[in-house]
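The numbers here are math on the coordinates, done by the rules we state, and not lab data. Note that this is a predicted model, so its numbers are computed, not measured. Glycine also receives a Cβ, built like all others from the backbone with ideal geometry; neighbour counts cover every protein chain displayed.
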């Protein structure tokens, strides 16, 4: 949705009950625009990257176990996608308005 939220669910709890609603483990509220992209780090367990829309422009890194934002970067433009390099400690983000570019971090 367009609620600016990033929800992390415990996959072991999903589908266990058909009568009880399962709540997210964490509801992360730091983005100030729609969350446009997310990606799990392949070489650090529990590290999740998320990217915000035009009004937010932030690339955020989350500890998914605690729900804490461990780092963030203002990318100066909407984050459209995030791809981690599985072989090296880097990632690539694609950006829309304002910059329309690819960035290697």
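Results, tabulated for the structure shown:
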item	result
Some residue of the stretch 69-81 being within 15 Å of residue 31 (Cβ to Cβ), free of Cβ contacts under 8 Å to residues at least 40 places away in the same chain and part of a loop (DSSP other than H, G, I, E, B)	yes
Selection count where residues are surrounded by 13 or more Cβ atoms within 10 Å (Cβ to Cβ) and more than 19 Å from residue 56 (Cα to Cα), scope the stretch 85-100	2
Flag if residue 103 is assigned to a strand (DSSP E or B), at negative phi, more than 15 Å from the chain's Cα centre (by Cα) and surrounded by 12 or more Cβ atoms within 10 Å (Cβ to Cβ)	yes
Qualifying residue in the stretch 82-103 (condition: closer than 19 Å to residue 5 by Cβ and touching a strand residue (DSSP E or B) at 6+ places or on another chain (Cβ under 6 Å))	yes
Residue that is farthest from residue 81 (Cα to Cα) [pool: residues in the stretch 50-68 that are outside any strand (DSSP E or B) and in contact with a strand residue (DSSP E or B) (Cβ under 7 Å, 6 or more places away or on another chain)]	67
